[in-house]
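The structure appears below as C-alpha cells.
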Amino acid sequence: MAPNSIHIVLSVAWQDAGDTTRAIAMAIALRDMCPDGIDLNIDFLSCGSRFEYQIMDAGFNIVPAQPRVKGISVAHDLGWDWPEFFGSEEIAKTFIEGQLAAFRKLQPDIVFHGMWAPASIAARLLGIRTINFLPVPLHPGAFANGLVRDLPDMMPLFTRLPRPFRQRLAWLASGLMIKAPIFTQKRVGAAAAACGWPISGPISLFDMNMADLNLVNDHPIFHKEYLHLIPKNIVLTGPLFARSDVKLDDDIATHLTKGPGASVLVTMGSSGTEEFLFEAIKALRMNAEDDWNAVVLASKSICSLEKANEIAGGDPRLLVTDRFIPAPAANALADVIITHGGQGTVQCALAAGKPLVGVALQVEQQTNLDNAMNAGAGIRVQKQHWKAKNIRSTVLTVLKDPTYAAKARILADTLNSMDGATTAADVMWKFILEEQSAEAKA
C-alpha cells in the first residue's frame with residue numbers, strides 16, 4: 001500500500017438492489033471523506049447487473065469480471081439450491097476463479113465486498129486486506145445469543161405455536177441455530193479448496209464472508225444484548241438505505257394520493273418471489289369494498305409485468321409497474337408498506353414513519369421484520385400463512401390501529417438521526433490509515 005495512494009476494489013452481487021444501494025452510498029461517503037494528500041481510486045467489479053447504471057451515475061468505474069451473467073437476480077445467476085447458495089461446486093468455483101483473476105490484474109490494496117463469498121475467499125487467498133458490509137453481525141456470538149427473534153419459518157411443525165412460545169423457544173435454542181444446514185456450505189467449501197483454500201470440506205457461513213473489518217448496516221438498538229460477545233472488528237455503523245430527493249412519476253404520485261381511503265405500497269425488492277407478490281395483489285383486490293389504492297412494484301427479477309397485471313385483473317385500485325421508483329418518495333405517500341423484509345426496504349419504510357406488513361424468505365429478512373414487529377411498527381406474517389385472506393386482514397389491522405404508525409414514527413426519529421454511510425466511511429478511513437501506518441513502521 002503506497003503511502004499516498006489507495007486502490008479499493010468493490011465487489012458485490014450487484015443483482016441485489018439493497019446491496020447495490022448500500023455499496024454505492026458507502027463508496028460515495030468514502031470518496032467524499034478522503035483525507036487531503038491521498039489519491040483514492042475505487043473500482044467496482046461486476047459480473048453483470050441491471051443496476052450497473054446506478055454505479056456509473058455515481059461516477060464510479062466498472063471493471064467486468066468473469067463469469068458474465070444476465071444480472072437479473074442473485075438466485076438465478078448462482079442457481080440457488082436451498083440451503084446451498086450455489087447450484088453446483090463448478091458454479092461456485094467459476095465465480096471464485098473470476099474474482100481471483102480480476103484481483104491479480106487490478107492488484108488492489110483493499111477488497112471491499114458485501115455478503116459475497118467469492119470476493120472474500122479470493123481476496124484472502126491472495127493475501128489482500130478486506131472490508132465487508134453485512135445486514136447483521138455475522139458471528140456465532142450474535143446468532144447463539146438471540147439475533148434470531150423467532151423460530152425460522154422453515155420449521156413448520158414448531159412455527160404453529162403461538163408467537164410468545166416460539167420466541168421463547170428461539171431464545172432457548174439459539175445456540176443450536178448455527179447447526180442449521182444453511183450455516184455450512186458444502187459446495188462453496190469444495191470450490192474454495194479447489195482454488196487453493198487451505199482447509200478442505202464445508203465452509204461455514206461465518207468463515208466464508210469474514211473480513212479484516214466488518215461493517216453492520218443496522219440500528220444498534222436491535223443488537224444491544226450481544227454486542228459485547230462479538231469481536232471488535234465487527235462494527236455497527238447504523239442504518240443505511242436509499243436516501244433520495246428524486247420525485248415520483250406523476251401517475252404514481254397521483255394514484256397514491258387520490259383517496260378516499262388508505263394508500264398501500266407493495267415492494268418485494270429484487271429478491272422476493274412471484275408467489276408472494278401475487279398473493280399480495282390478490283389480497284388487495286379481494287374485497288370490492290376496500291377503498292384503498294395500491295402501487296405494486298413488479299420487479300423484473302421477480303416476474304414479468306404482464307403476469308402481475310394479469311393477477312391484478314384490471315382493478316382500478318391497483319397500479320402495477322416495473323419501473324425503478326425512488327423509495328423515499330413512495331414511502332412518504334403510503335400509509336402501509338407490504339414487503340419481503342429486505343433490510344433497505346424495512347429501514348426506508350421505518351425512516352418514513354410507515355408501518356409494515358411483511359413476509360420473509362430467509363432468516364435475515366425475518367429478523368428485520370421481527371425487529372420492527374417487536375417495536376410495534378408492523379406485523380410479520382409467517383411464510384406458510386402468506387395467503388390473500390390473511391394478508392388483507394393484517395393490512396386492515398395495521399391501518400385501523402393508529403399505534404402501529406405511531407411506533408413507526410418513533411423509530412423514524414432515531415433512524416433519521418443517524419448517517420450510516422458517513423459513519424461507515426469514518427470507520428473505514430481509520431482502518432485504512434492504521435494499515436498504512438503499520439506498513440510504514442514494518
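Worth pointing out:
- With neighbours defined as other Cβ atoms within 10 Å of a residue's Cβ, the residues Leu45, Leu333 order from fewest to most as Leu333, Leu45.
- Cα long-axis angle, helix 163-172 against the chain (0 to 90 degrees, to the nearest 10): 20
- Other-chain or far-sequence residues with amide H under 5 Å of Gly378's (modelled H): Leu356
- Computed across the chain, the Kirkwood radius stands at 22.5 Å (inverse of mean 1/r, all Cα pairs).
- Packing-based exposure ordering (other Cβ within 10 Å, fewest first) of Cys47, Cys348: Cys47, Cys348
- For the chain, the longest principal axis of the alpha carbon atoms and the long axis of helix 363-374 meet at an angle near 50°.
- Nonlocal amide H pairs with Val320, under 5 Å, H built at 1.01 Å: Val296
- Nonlocal amide H pairs with Leu134, under 5 Å, H built at 1.01 Å: Leu215, Val216, Asn217
- Among the listed pairs Lys232/Lys300; Lys224/Lys258; Lys282/Lys354; Lys224/Lys354; Lys383/Lys407; Lys224/Lys383, those beyond 31 Å (Cα-Cα): Lys232/Lys300; Lys224/Lys258
- FRET efficiency for the pair Asp401 and Met286, taken as 1/(1 + (r/R0)^6) with r the Cβ-Cβ distance and R0 = 22 Å, rounds to 0.65.
- Alpha carbon centroid spacing (whole Å) that separates the range 251-316 from the range 335-393: 16
- Legend: P(r) of the range 4-54 from all alpha carbon pair distances, 5 Å bins from 0, whole percents, reading 5, 19, 29, 21, 13, 9, 4, 0.
- Charged-residue dipole, Cβ positions (Lys, Arg, Asp, Glu), the range 122-271 about Cα centre, Debye nearest 20: 520
- Helix 89-106 axis, angle to the chain major axis (alpha carbon atoms, nearest 10°): 60
- For the range 68-138 versus the range 170-232, the gap between their alpha-carbon centres in whole angstrom: 15
- For the range 137-202, dividing the convex hull volume of the Cα atoms by the residue count gives 93 Å³ per residue.
- Ranking of Arg124, Arg409, Arg68 by neighbouring Cβ atoms within 10 Å, starting from the fewest: Arg68, Arg409, Arg124.
- Compactness of the range 243-327 - radius of gyration and Dmax, Cα, Å: 12.4, 35
- Counting only the Cα atoms, the range 250-415 fills a convex hull of 98 Å³ per residue.
- Backbone HN-Hα couplings from phi across the range 107-117 [Karplus 6.51/-1.76/1.60, Hz, Gly and Pro as x]: 6, x, 6, 9, 9, 10, 10, x, 7, 9, 4
- Shown in residue order for the range 242-259 are the 3J(HN,Hα) couplings computed by the Karplus curve 6.51 cos²θ - 1.76 cosθ + 1.60 at θ = phi - 60°: 5, 10, 8, 9, 5, 7, 6, 4, 4, 5, 6, 4, 5, 5, 6, 10, 7, x Hz (x for Gly and Pro).
FYI, it's all coordinate maths here, none of it is from the lab. This structure is a prediction, so every number in the text was calculated from the model and none was measured. Counting neighbours? That spans all protein chains shown, and the Cβs are built from the backbone with ideal geometry, glycine included.
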